Structure formats: structure tokens, C-alpha cells
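**Q** Would you mind keeping the following structure in view while I ask a few things?
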Amino acid sequence: MIPPVSSRSGHDAAVRRLTDLSRQLADVQQQISTGRKVVKAGDDPIAFARAAALKRADVAASGQRRAMDAAQSRLSASEVALTGIADITARAKELALAGRNATLNAGDRAVLASEVQELLSAALGLAETRGADGEALFAGAGTPPAYGTDGAGLAAWAGLGAPPLVAVTGRVLEAGITGPEAFGETAALDPLLPPPDPLLPPPPRTRNLFDSLAHLAASLTDPREAFRDAGMDEAIGAIDGHIDRLAGAQAVLGTRGARLDAEAERLDKTQLQFKTEISKLEDTDLAAAIAQLDRLGVILDAAQASFARVSRLSLWDDIR
């Protein structure tokens, strides 16, 4: 005999209930095994969309962090090179002061000049320091070398533009410093000026650090006393200026590095917050999931037992 419509609908509802409970139980089991409660948009559309937005923000922050790490590496390498050049410049001043002593003979001054030439070579070598990517640190945006030789045989900056920029909270910082900023520039001779008087020392002129060291070495070995004394005085004054300029350049690099350190710390905290929020949205709370699994298991067992008793589909059960 066909069961009444009400019995059939009750049977179908019970079957749907059991199916739904089984599906919920399987979902919770999967969440526990995978550790994820939101995998696709259908699991929780709002949580899925929020997690996707946070992931995009985290990816952007990671890209900025990599750029900041590269900038920090460039700044650190520049600071190390400037420290070495500052030490060289300080030693050159000691030699210049020693060479200004009137009691030295030509041989003594030649020894000092030889050491100054070695210092010049070392300073030029440090000025060509390259970063991790092979870029010349003091060439700005240009390619190596940072310094070449001009028509007069003097060291001249061969770079171009400014160092690479890195974004920091609404503004940009230069990830380095150019050669002219750190070592000064040599002023070109005015072609309209009359030729120098061979009997008088030339007036002082603006020189970059390397030109100043070369001028110091040449002055030390000049046999003309008046020219030698004037050249030495010019070199000492120029080296004092270079020492001050290098100290300023080191301070600039240190300030930029400190700014990047602070920004990196802020960005690390922001990314940690992103990951924490993503975990809350997507990851399974094991304690809550296990409790839900136990509850669903009890409900499913009870529903199955109730369904089996209510259905009474066996004729022998009716006879008994």
C-alpha cells in the first residue's frame, strides 16, 4: 500500500535532515583535517572577500618591504664606503700638516707624497663600491664607473641623476647619495681669465676630494717653496672642507637608514596584523570544531535512531 502523503513528506523531510547533518559532519571533519574553514567563496562569502582583500594588502606590503630591504642594503654599503673614505681623508690631513713643516727635506716630502698617492688610489677604489645588484653606489642612477678622468687628467664624476627612490609612508627617500654630494665637485677653469703668472702661486680653487688629494701630492714635491707652501695651505683648507662634507653625508645616510628602520618595523607589525586577521577568517578553531563535531555526531546518531523507529518499514515489526 502507498504511504499517505503526510507520511511520505515526513519521511522525505527526515531523509533531508539526515543528509544535511551528514554534510555538516563531513564539513567539520574536513575543516579539522585541513586546518581551514574558509577555502572558497561558498564557505563564507563575507569572510572570503575580507580575507582576499587582506591578502592583496599583504602582498603589496611584502613588495614594499623588499624594496626597503634593498634600499637599506644600499645605504649600509654606502655608509661603510664613506667611513673608509673619511678615515683616508683624516690620514691625508695628518700628512698635509706634517708636510707643512719647514724642517722636512725633499726626500721626506717625497715619502709623504707617495703615501698620499696611495690614499688617493684607495679613496677612488672605495668611490667605485658597488651594491648587491652591481650598481655603483655613488653614480646616482648611472652605470659604473662612478668616476672617470676629464681632459685635464683629474677624477670627474661620471654618474647621472639621483640614487634610486624608495617609498616611505606617503613620501620617498633617496636610497644613497651621489658622488658630488659626498666628495664635492671641481670647478671648471674660466677660459676668459688671463693665463697664470709663472712666478706667482695660482689662487685657490674648488676641487673634489680626489683632485684635492692629487693637488696635495703634487704640492708636497713642488721644488718652489712659495708654490709648495701655497699649495699645502690650499690642500689643508680643502681637506678640512671635505672632512666636514663627508661627516654631513654620513649623517644624511644615517638619518635615511633610521627612517627606513622605523618604517620597516611599522610594516612588519602591519603585516603581522594582516596575517592574524586572515588566520581568524580562514583557519579552523580546533577546539570549537571538535566540540561541534561531537555535537553533530550525537545529533546525527539520535536522528538516525529516531528515523529508524518512526519509519517502521518492516512488516515483521508491525506483526510483533
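The values are calculated or read from the model by the stated rules, or taken from the named source; none is laboratory data. Values in this document were obtained by computation on a predicted structure and should not be read as measured data. So basically every Cβ, Gly included, is an ideal-geometry build from the backbone, and we count neighbours across all protein chains shown. Note: areas computed on protein heavy atoms with side chains; ligands, DNA, RNA excluded. Shrake-Rupley method; radii C 1.70, N 1.55, O 1.52, S 1.80 Å.
**Q** From L95, L82, grab the single residue that is over 24 Å from the mean Cα position of the chain (by Cα), assigned to a helix (DSSP H, G or I) and among the aliphatic types (A, V, I, L, M).
**A** L95
**Q** Another question, then. Does L112 satisfy the criteria of being of a type outside the set (S, T, N, Q) and crowded, with 18+ Cβ neighbours inside 10 Å?
**A** For L112, the condition - of a type outside the set (S, T, N, Q) and crowded, with 18+ Cβ neighbours inside 10 Å - is met.
**Q** Anything in the range 64-109 that is more than 18 Å from E128 (Cα to Cα), aliphatic (A, V, I, L, M) and open to solvent by 30 Å² or more (accessible area, probe 1.4 Å)? List them, or say none.
**A** A67, A70, A90, L97, A98, A102, L104, A106
**Q** Out of the range 166-176, which residues are open to solvent by 10 Å² or more (accessible area, probe 1.4 Å) and in contact (Cβ under 8 Å) with a residue 40 or more places away in the chain?
**A** A167, T169, L173, E174 - these are the residues of the range 166-176 that are open to solvent by 10 Å² or more (accessible area, probe 1.4 Å) and in contact (Cβ under 8 Å) with a residue 40 or more places away in the chain.
**Q** Answer yes or no: is there a residue in the range 131-145 that is aliphatic (A, V, I, L, M), touching a strand residue (DSSP E or B) at 6+ places or on another chain (Cβ under 9 Å) and over 18 Å from L253 (Cα atoms).
**A** No.
**Q** Residues in the range 225-284 that are open to solvent by less than 30 Å² (accessible area, probe 1.4 Å) and hydroxyl-bearing (S, T, Y): how many?
**A** Summing the residues that are open to solvent by less than 30 Å² (accessible area, probe 1.4 Å) and hydroxyl-bearing (S, T, Y) in the range 225-284 gives 1.
**Q** Would it be correct to say that A156 is of a type in the set (A, V, I, L, M) and surrounded by fewer than 21 Cβ atoms within 10 Å (Cβ to Cβ)?
**A** yes
**Q** D222 fails exactly one of the following numbered conditions: (1) surrounded by fewer than 16 Cβ atoms within 10 Å (Cβ to Cβ); (2) free of Cβ contacts under 8 Å to residues at least 24 places away in the same chain; (3) part of a loop (DSSP other than H, G, I, E, B). What is the number of that condition?
**A** (1)
**Q** Here's something else I'd like to know. Within the range 129-152, is even one residue buried (at least 19 other Cβ atoms within 10 Å of the Cβ), farther than 30 Å from R256 by Cα and out of contact with any Asp or Glu (no Cβ under 8 Å at 6 or more places or on another chain)?
**A** The answer is no, given that none of the residues of the range 129-152 is buried (at least 19 other Cβ atoms within 10 Å of the Cβ), farther than 30 Å from R256 by Cα and out of contact with any Asp or Glu (no Cβ under 8 Å at 6 or more places or on another chain).
**Q** Something else now. Checking the conditions here, which among D44, D12, D27, D87 is charged (D, E, K, R), modelled with pLDDT of 70 or more and over 34 Å from the mean Cα position of the chain (by Cα)?
**A** It is D44.
A quick yes/no check of all residues on (1) of a type in the set (K, R); (2) touching a helix residue (DSSP H, G or I) at 6+ places or on another chain (Cβ under 8 Å); (3) over 30 Å from Q72 (Cα atoms); (4) not in a loop (DSSP other than H, G, I, E, B):
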| residue | (1), (2), (3), (4) |
| --- | --- |
| G153 | no, no, yes, no |
| A156 | no, no, no, yes |
| P163 | no, yes, no, no |
| A167 | no, yes, no, yes |
| V172 | no, no, no, yes |
| E181 | no, yes, no, yes |
| P195 | no, no, yes, no |
| P203 | no, no, yes, no |
| R207 | yes, yes, yes, no |
